[in-house]
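Below is one structure, written out as structure tokens, with a few remarks after it.
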Amino acid sequence: MFKLGESAASTIIESSYDGIFILDQAFHLIYGNPSFCQSSGYSCKEILTMQAADFFPDVGIGKFKEKVESLHDKPSDSSIEFSLEYQKKDGALYAAQIQVRLFHDIKPYGYICIARDFTKKLHAERLQQREDERFRELVTASPAAMLIVDSDMNIKLMNSAFSSLFGYTIEDVWNIESWWPKAYPDERYRQKVKSIWADHIADSDKKHCTSIEPIMVDITCADGSVKKVEVQMGSTSDYSLVLFNDLTERISMDNRDRRSAAVIEHINQGVMITDLDASIVAVNPSFTTITEYSEEEVLGKKPSILSSGRHDRFFYQHLWERLQEDGSWQGEVWNRRKSGEVFVENLTITPVFDENGVKINYVGLFTDITQAKLSEEELHHLAHHDVLTDLPNRLLFNTHLKQAVARASRMNSRVGVLFLDLDRFKIVNDSFGHQAGDELLIQVAKRLRQALRDEDVLARLGGDEFVILVEGVDDEERLGAFTQRLIDSLAAPFTLRGQEVFIGTSVGISIYPGDGKQADILMRNADSAMYQAKERGRNNYQFYTKKLTEAAFERLMMEMELRKALAADEFSVVYQPQVQMKENRFIGCEALIRWTHPKMGQISPDKFIPIAEEAGLIAPIGDWVMHRACRDAKGWIDEGLIDRISVNVSGFQVQQGTLLNTVNGALLASGLKAEHLELEITETFIMEHAEEAIKTLEKIRKLGVYIAIDDFGTGYSSLCYLKRLPVHTLKIDREFVSDAAEDTDDAAIIRAIVALAQTLGLEVLAEGVENLEQQDFLVKESCYKAQGYFYSRPLSAEECNNALRQPGILPE
Ligand code: FAD
């Protein structure tokens, strides 16, 4: 056998990780290796002065001696092993596993001791023990029902949540074999569940914690009831933690919800569910059958979409009060279907609460009781009359018109159709609210009715449109005079909520047989004539002429050509310089679009812009002009030739919401700074859509872009809106400027506009200045900015570039 040399043995001892020390028979230390010295805290020199008693104080030394001396009774090469704490130099106690042998190299004998530190191991074991305790406490206190089983499927721990859930005590469960039949009385079912448990425990990874997919089981409780439980199991080699999640309630609720949903889906009553704000969140198919609105059309809308206008606000106020105070409301409500037809329903509204008793929804359950409620005659009346004014509706008017046409054809007479559209009705509606608007329509209907003969038929088509049927028309002149009287009948102010309101009406007239032989053509032609009346300044009447049809056709052609014009590069932009009259210098340019059609030649913007607006083409055209103008003007502005470029924008761009993008895009593409761009918007648009315009224009103003009101003085400005609008300049319409020097009315208007601008802190610029007299007049009235032929006609970009560099061309 290999024999270790002395030096090799001493190297091993010296470098051993274990502490090695040698005692003589009197228990004096005669050697300590470096590891022992280090762990005990003594130097190797000090060690040689010490005794075993120094390391094993008190009881320790007795135990040590007793163990060690027992070696003498054993064969000479025996060793003895025990664990004992010994004391270090600093007084700390140190747990060690000590192995001792008799040592015969010294006489008569000694002891060689090997001490292995197991303080850390002990510490780790204690830690583990504490963690185990904490884990047990956690499991016991957990609100989730749990069991801990060992690998033989014996229950090691059951928490109180388990006991509360299933009603079993620890005694019931302790012996698992007797618990299985209680929890799973059905033999086959029990075997199936047991085999899943057993398979999982057997398969579990010996090193890692493994878990199985949750399984659903039916567990019979101590009281015999059955719970639907989701069981989840996680295992280590020794133990498995089994978690029980009770889903009985949820499953039964899901089933209940499914049943309720199926009932709601199929009942004949309409169901509307709203949130607490009364916005619709769900409706059933019967709702759609009764109201004619699909679910998509009403989701997010208010139930007032169905409102017929028959109930006043006190009715709904009372409804909500009862709903809040009594917890539900039941009554009859007159509603309107999508087609406009009015119906009556029996409606019950109740709140819905969540499991915590918090109100979350309202449910409206209704039945259409129109048939049962009304007589045949009433139903007929309802179907043929406008609910608000009780006038005949479109359906009944068409019947009357057809009959009148048939009579006229037999008797060789003429029939007149007068199509009326109220002027500025929208302004009243927007300013006073729709209830006041409804009130106004009722008053208008009354006045018209009073101005007509009994035999004339007056109908309301919807909104602010009325139509009149006049039989026995002899000559157009008399019909014209009759129409004028109707217009005049609306001239006196209406009183709405104590305030006087003025409106007007535009009327289009078509006459059978000249303007059409069928009812629908007569209606269509009267409608076109009405548009003509609107274009001619409103509050007047126009007869239909063939020219209107031709104009309609021309419009259609123009729309088709317009659709191609942008791609065909037929548009261009010209620039009309704006001047500071007193300083005789250029200050800006107004960009104006031009359309040169390859066959039709130059087409005036007055002609094609309204068509582009109606055809939805104004956004791309407006975008193109804005980009071109910003790009062309950038150089002039950089060179200081002008301060600002003005670009006209259409109200449609504001309405369609494209304007902000257009402006941002053009500024970005051209590199022009926002403060060098001015947008011109017509007064009429702004005032008719004030709230909407204010919102959009405020966003644009925030960019730094200036805003001017174009054609100021031609519309009806509300001072209140004017104050709120983020406007910088008022542009006085050319109409006032042209006669200002002579006409005292126009002069007075200009003076008023300048005074208004000064009061509101706005700039003024006069358009259409053509001669020195006009200029002198404007300067005298403190209007110093202008544009017009007197200074320059609109110029191409190139011409403008030249002109701006020669301020000398301006008239002195
Ligand atoms: P509203 O703005 O509704 O004001 C009328 C009154 O109701 C005011 O006094 C207001 O304070 C009060 N009110 C409105 N909303 C609430 C609210 N969320 N909480 C407390 N008080 C409120 N109306 C119909 O015309 N036809 C229907 O079929 C119909 N079905 C309904 C079904 C349900 C489930 C609910 C909740 C409401 C229903 N309503 C129905 C009532 C509807 O919500 C409107 O109140 C009503 O149409 C009048 O609308 P409005 O815009 O003129 O006035």
Name, by its number, the condition in (1) more than 28 Å from L469 (Cβ to Cβ); (2) within 16 Å of the ligand (Cβ to nearest atom); (3) within 39 Å of the chain's Cα centre (by Cα) that does not hold for G357.
(2)
Here is a list of conditions, (1) within 11 Å of the ligand (Cβ to nearest atom); (2) under 25 Å from E292 (Cβ atoms), and E378 meets all of them except one; can you say which number that is?
(1)
Going through (1) assigned to a strand (DSSP E or B); (2) touching a residue at least 24 places away in the same chain (Cβ under 8 Å) one by one, D90 fails only at (1)
Six or more apart or on different chains, Cβ under 7 Å: which pairs go from a residue in the stretch 692-707 that's farther than 17 Å from F652 by Cα to one that's assigned to a helix (DSSP H, G or I) and not aliphatic (A, V, I, L, M)? Could you list them?
G704/E675
Tell me, which strands (runs of 3 or more DSSP E) wholly within the stretch 554-656 include 1 or more residues that are under 15 Å from A797 (Cβ atoms)?
571-580, 585-597, 644-648
For the stretch 314-329, the count of residues that are within 9 Å of the ligand (Cβ to nearest atom), farther than 16 Å from N346 by Cβ and over 30 Å from the mean Cα position of the chain (by Cα) equals 3
Of everything in the stretch 299-313, what is in a loop (DSSP other than H, G, I, E, B) and either within 29 Å of V358 (Cα to Cα) or away from the ligand (no atom under 11 Å from the Cβ) (or both)? Give them in sequence order.
L299, G300, K301, K302
For the stretch 18-49, the count of residues that are part of a strand (DSSP E or B) and not aromatic (F, W, Y) equals 9
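Rundown of residues vs (1) surrounded by 14 or more Cβ atoms within 10 Å (Cβ to Cβ); (2) within 12 Å of A115 (Cβ to Cβ), yes/no style:
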residue: Y17; (1), (2): no, yes
residue: N33; (1), (2): yes, yes
residue: S40; (1), (2): yes, yes
residue: K65; (1), (2): yes, no
residue: D73; (1), (2): no, no
residue: A92; (1), (2): no, no
residue: Q99; (1), (2): yes, yes
Do we find that V226 is aliphatic (A, V, I, L, M), exposed (fewer than 15 other Cβ atoms within 10 Å of the Cβ) and modelled with pLDDT of 90 or more in this structure?
yes
Collect the residues in the stretch 276-298 that are more than 14 Å from the ligand (Cβ to nearest atom) and touching a residue at least 12 places away in the same chain (Cβ under 8 Å), keeping them in residue-number order.
P285, T289, E295, E297
Filter the stretch 330-344 for residues that are away from the ligand (no atom under 11 Å from the Cβ) and part of a strand (DSSP E or B); which is nearest to F366 (Cα to Cα)?
Q330
Answer yes if at least one residue in the stretch 386-408 is within 16 Å of the ligand (Cβ to nearest atom), surrounded by fewer than 19 Cβ atoms within 10 Å (Cβ to Cβ) and at pLDDT below 90, and no otherwise.
yes
Looking at (1) farther than 14 Å from T367 by Cα; (2) surrounded by 12 or more Cβ atoms within 10 Å (Cβ to Cβ), find the lone condition where L347 falls short.
(1)
Residues of the stretch 450-479 satisfying the condition of being surrounded by fewer than 16 Cβ atoms within 10 Å (Cβ to Cβ) and either touching a Phe, Trp or Tyr at 6+ places or on another chain (Cβ under 7 Å) or more than 15 Å from H400 (Cβ to Cβ) (or both):
Q450, G462, G463, D474, D475, E476, E477, R478
For the stretch 654-680, how many residues are within 17 Å of E613 (Cα to Cα) and modelled with pLDDT of 90 or more?
3
Condition met for I61 (in contact with a strand residue (DSSP E or B) (Cβ under 6 Å, 6 or more places away or on another chain) and surrounded by 17 or more Cβ atoms within 10 Å (Cβ to Cβ))
no
With part of a strand (DSSP E or B), in contact with a strand residue (DSSP E or B) (Cβ under 8 Å, 6 or more places away or on another chain), near the ligand (Cβ under 9 Å from one of its atoms) and touching a residue at least 40 places away in the same chain (Cβ under 8 Å) as the only criterion, which of L365, L347 stands out?
L365
Looking at the stretch 461-484, which of its residues are in a strand (DSSP E or B) and either hydroxyl-bearing (S, T, Y) or touching a helix residue (DSSP H, G or I) at 6+ places or on another chain (Cβ under 8 Å) (or both)?
L461, G462, F466, V467, I468, L469, V470, E471
Please verify whether the stretch 270-284 includes one or more residues that are in a helix (DSSP H, G or I) and in contact with a Phe, Trp or Tyr (Cβ under 8 Å, 6 or more places away or on another chain).
no
Could you tell me whether R414 is in contact (Cβ under 8 Å) with a residue 60 or more places away in the chain, among the basic types (K, R) and farther than 23 Å from Q542 by Cα?
no
Regarding F608, is this residue among the aromatic types (F, W, Y), under 30 Å from M530 (Cα atoms) and free of Cβ contacts under 8 Å to residues at least 24 places away in the same chain?
no
Would you say L592 is within 18 Å of S650 (Cα to Cα), modelled with pLDDT of 90 or more and either crowded, with 20+ Cβ neighbours inside 10 Å or basic (K, R) (or both)?
no
Out of the residues in the stretch 485-503 meeting the condition of being in a strand (DSSP E or B) and modelled with pLDDT of 90 or more, tell me which one is farthest from D464 (Cα to Cα).
T495
Qualifying residue in the stretch 116-128 (condition: under 30 Å from K88 (Cα atoms), at pLDDT below 80, of a type in the set (D, E, K, R) and surrounded by 13 or more Cβ atoms within 10 Å (Cβ to Cβ)):
yes
Exactly one of R256, R322 is out of contact with any Asp or Glu (no Cβ under 7 Å at 6 or more places or on another chain) and at pLDDT below 90, and that one is R256
Just checking, how many residues over the stretch 43-52 are over 10 Å from H28 (Cβ atoms) and among the hydrophobic types (A, V, I, L, M, F, W, C)?
2
Pick from E187, E213: which is exposed (fewer than 11 other Cβ atoms within 10 Å of the Cβ) and at pLDDT below 85?
E213
Of the residues that sit in the stretch 580-624 and are closer than 22 Å to R555 by Cα and among the β-branched types (V, I, T), which one is nearest to the chain's Cα centre (by Cα)?
I618
Looking across the stretch 245-275 at residues that are touching a residue at least 24 places away in the same chain (Cβ under 8 Å) and within 16 Å of the ligand (Cβ to nearest atom), the single one that is surrounded by the fewest Cβ atoms within 10 Å (Cβ to Cβ) is D275
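The values are calculated or read from the model by the stated rules, or taken from the named source; none is laboratory data. It should be emphasised that the depicted structure is a prediction, and the values quoted were computed from it without experimental measurement. When we count neighbours, we look across all protein chains shown, and the Cβ atoms used for this are built from the backbone with ideal geometry, even at glycine.
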